[in-house]
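Student: Structure provided below as C-alpha cells; questions to follow.
Values quoted throughout were computed directly from the atomic coordinates according to the rules given, and no laboratory measurement underlies them. Predicted model, so just to flag it, every value in this text is computed and none were measured. With ideal geometry, Cβ positions are generated from the backbone for all residues, glycine too; neighbour counts draw on all protein chains shown.
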Amino acid sequence: METNILRINEESIMTAAELLKKNEIVAVPTETVYGLAGNGLSPSAVKKIFEAKGRPNDNPLILHISSTDWLYRYAREVPELALKLADRFWAGPLTMILPKKDTVPYETSGGLDTVAFRMPDNKWTLKLIDACGFPLAAPSANLSGLPSPTRAGYVYNDLKGKIPLIIDGGICKCGVESTVVAFKDNGVKILRPGGVTPEMLSEICDVEIDRAVIDGISDNEKAQSPGMKYKHYSPSADVYLIECRNRARLEEFINNNYDSKTYALVRETKNIKAKTLPYGKNAKTEANELFSSLRKADELGASKIYVEAPGKEGMGLAVYNRLIRAAAFKVIKL
Ligand code: TXA
Ligand code: MG
C-alpha cells in the first residue's frame, strides 16, 4: 500500500474522515505524540491498528473524543471528579479510565471492562473526530516498542506501506504521551505520568502514583495499566540513565567511558567529549526532545547512549518514566 503524507488543513482532514469512515486507519497529530487512529467502535478498524503497530492485543487503546458529553455515550459511570478534571485539563494531555459501556468493543479495551478517554489539544484532530461522529481509538503511531513519534517523518519511517495516510501537523508540542489516571476513593492513581503533572492534579484531588511508574513490573505481576509491562521507547543502542547531581563527576564519567559510537543527552554539553544530541535544559524541554533524540541516535548508528536523569518532580516524572524504560532499567548512580 502507498502511504501518503498530507499537510494538515480542511481538505486533508476531510480525506482522513472519509478513510476512517471506511474502516481504514490514519496517523494524526496530537499535542503529545502522533496517534494511529481508527474507528474505536469498530473491531475490524481496531484490529488494523494492532496489526500495523505489531502491538500485543491485550494492551488497550485510548478513545479520543471531541466533547466531554461523549463520556456518557461510552462510559457506564462518570464520576463527578472526572467532569472536574475534564473541565480543568481538556483539551489536553490527560487520559481517564472509566467503566465501559457495551458499545465499546473488547478489541478496543484489550479485553478489559474499562476504557480510556482523552480529548486531544489539536483543533484539526478535534474537527476530524467531529467529522467522523465516532471516537477515534489511537495509540502512539510508532512500531510497538520504539520511541513514540513526535514528527510525521518518524511515523513514515515506522509505518510506511502499512497505512494509507499520515496527516502532517508539524512537531508535537508536548513530546511525551498523556498522563493516564484511574479513579479511586477521593482521587486518582497515576498509571502513566505525562503532560499533566502530579502537582497539577493535586490542586484538584488526592493523587497516588502507581509503583510501576518508577519501579517497573516483574514478569509474574499483574499491571493495572497493561502498557507498563511491555518493553518501551527503546532505540537499538544501549541506553544508560545517569543519576548524578554533581556536574564534575558526570563529565568525568562520560569522558572516561565513551567511544565514537557513544552519544550523550545532557543538559549542559560544555566539557563533554562524547558526541551529544539535543536535550532540554529542564524537564519540559527534555520532554520535547527526548523521543526525537533517541530516534536520531539510531539513525546515526549509536551503540551506547548516556542520558542525564531528570529529577522526578513535575514533568520530570514523565521524562524519567520513559527514560528508565528506554534504558531497560539500567541506571548508573554517581
Ligand atoms: O498522548 C497519548 O496518550 C497518545 C496520543 C496519541 O493520544 N496515545 C498513547 O496511546 O500514548 P498508547 O496506546 O500508546 O498508550 C496508552 C496507555 C497504555 O499504556 C495502555 O496500557 C493504557 O494507556 N491504557 C489504555 N486503556 C487502559 C485501561 N482501560 N486500563 C488501564 N490502562 C489503559
Ligand atoms: Mg505507545
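Student: Counting every Cα pair in the stretch 1-137, what percent are over 18 Å apart?
Tutor: Cα-Cα pairs in the stretch 1-137 separated by more than 18 Å: 52 percent.
Student: Taking every Cα atom in the stretch 150-244, find the radius of gyration and the maximum pairwise distance Dmax, and write them in Å.
Tutor: When restricted to the Cα atoms of the stretch 150-244, Rg and Dmax are 16.7, 47 Å.
Student: Oh, and also: Mind checking which aspartates and glutamates have their Cα closer than 12 Å to the Cα of LYS84? Skip sequence neighbours fewer than 8 apart in that chain.
Tutor: The reachable aspartates and glutamates, counting only those whose Cα sits under 12 Å from LYS84, are GLU203.
Student: Pick out which of LYS304, LYS275, LYS222 has the largest mean-square fluctuation in a Gaussian network model of the chain, springs linking Cα atoms closer than 10 Å.
Tutor: In this elastic network of the chain, the residue with the biggest mean-square fluctuation among LYS304, LYS275, LYS222 is LYS222.
Student: If amide H atoms are built 1.01 Å from N in the plane of the peptide, which residues on other chains or at least 5 residues away come under 5 Å of the amide H of ILE209?
Tutor: Under 5 Å from the amide H of ILE209 lie the amide H atoms of ILE190, each far enough along the sequence or on another chain.
Student: How many Å³ per residue does the convex hull of the Cα positions in the chain occupy?
Tutor: 124 Å³
Student: Hey, with R₀ at 35 Å, roughly what FRET efficiency would LYS222 and LYS281 work out to, going by the Cβ-Cβ distance, to 0.05?
Tutor: 0.35
Student: If R₀ is 45 angstrom, what is the calculated FRET efficiency for the pair ASN255 and LYS173, using the beta carbon separation as r and rounding to 0.05? All intermediate terms of the calculation are to be shown ahead of the outcome.
Tutor: Values: r = 34 Å, r/R0 = 0.76.
E(calc), rounded to 0.05, equals 0.85.
Student: Zone of ASN23 (label point 7 Å along Cα→Cβ, backbone N under 18 Å): which residues in the stretch 157-184?
Tutor: Only 163-165 fall inside the zone, counting backbone N under 18 Å.
Student: Mind listing the long-range amide H neighbours of TYR233? Cut-off is under 5 Å, sequence gap 5 or more, other chains count too, H placed in the peptide plane at 1.01 Å from N.
Tutor: When sequence neighbours closer than 5 places are left aside, the close amide H contacts are GLY145, LEU146.
Student: In the chain, once you exclude exposed GluC sites (Glu not before Pro) (DSSP loop, at most 14 other Cβ within 10 angstrom), what's the longest stretch remaining?
Tutor: 78-202
Student: Averaged across orientations, what area in nm² does the convex hull of the alpha carbons in the stretch 211-334 project?
Tutor: Reported value for the Cα convex hull: 7.5 nm².
Student: Work out from phi, with θ = phi - 60° and the Karplus expression 6.51 cos²θ - 1.76 cosθ + 1.60, the ³J(HN,Hα) of each residue of the stretch 109-118, listed in order in whole Hz, and give x for Gly and Pro.
Tutor: 8, x, x, 8, 8, 10, 9, 9, 10, 7
Student: If you plug each phi of the stretch 17-28 into the Karplus form 6.51 cos²θ - 1.76 cosθ + 1.60 with θ = phi - 60°, what whole-Hz ³J(HN,Hα) values come out, in order, with x for Gly and Pro?
Tutor: Karplus-based 3J(HN,Hα) across the stretch 17-28 equals 4, 4, 4, 5, 5, 8, 6, 7, 10, 9, 8, 10 Hz.
Student: Give the Debye-formula value of log10 I(q)/I(0) at each listed q (0.13 Å⁻¹), with one equal scatterer per alpha carbon of the stretch 88-231, two decimals each.
Tutor: -0.67
Student: In nm, to one decimal, how far is the modelled label at VAL331 from the one at SER44, with both set 7 Å along Cα→Cβ?
Tutor: So the two model labels end up 4.8 nm from each other.
Student: Using Cα springs under 10 Å in a Gaussian network model of the chain, which residue among PHE253, PHE183, PHE50 shows the largest mean-square fluctuation?
Tutor: Result: PHE253 has the largest fluctuation of those listed.
Student: Using 27 Å as the Cα-Cα cut-off, could you pick out the over-long pairs in LYS275/LYS333; LYS273/LYS330; LYS22/LYS296; LYS53/LYS333?
Tutor: LYS22/LYS296; LYS53/LYS333
Student: Pick from LEU126, LEU250, LEU165 the residue whose mean-square fluctuation is largest in a GNM of the chain, springs joining Cα atoms under 10 Å.
Tutor: Maximum fluctuation in the GNM of the chain, among the listed residues, is at LEU250.
Student: Step through the residues of the stretch 243-249 one at a time and calculate ³J(HN,Hα) from phi using the Karplus curve (6.51 cos²θ - 1.76 cosθ + 1.60, θ = phi - 60°), rounding each to whole Hz and writing x for Gly and Pro.
Tutor: Here the 3J(HN,Hα) series is 9, 7, 9, 10, 4, 4, 5 Hz.
Student: 5 Å is the cut-off here: which amide hydrogens, built 1.01 Å from N in the peptide plane, fall below it relative to LYS100, excluding neighbours closer than 5 in sequence?
Tutor: Under 5 Å from the amide H of LYS100: ARG76, THR114, VAL115.
Student: So in the chain, what percent of DSSP beta bridges are antiparallel if you round to the nearest 5? Could the numbers behind the result be given before it?
Tutor: Details: 18 of 49 bridges.
Rounded to the nearest five, the antiparallel share is 35 percent.
Student: Next question. Would you give the gap between the C-alpha center of the stretch 262-283 and the C-alpha center of the stretch 1-79, rounded to a whole Å?
Tutor: Centre-to-centre (Cα) distance: 36 Å.
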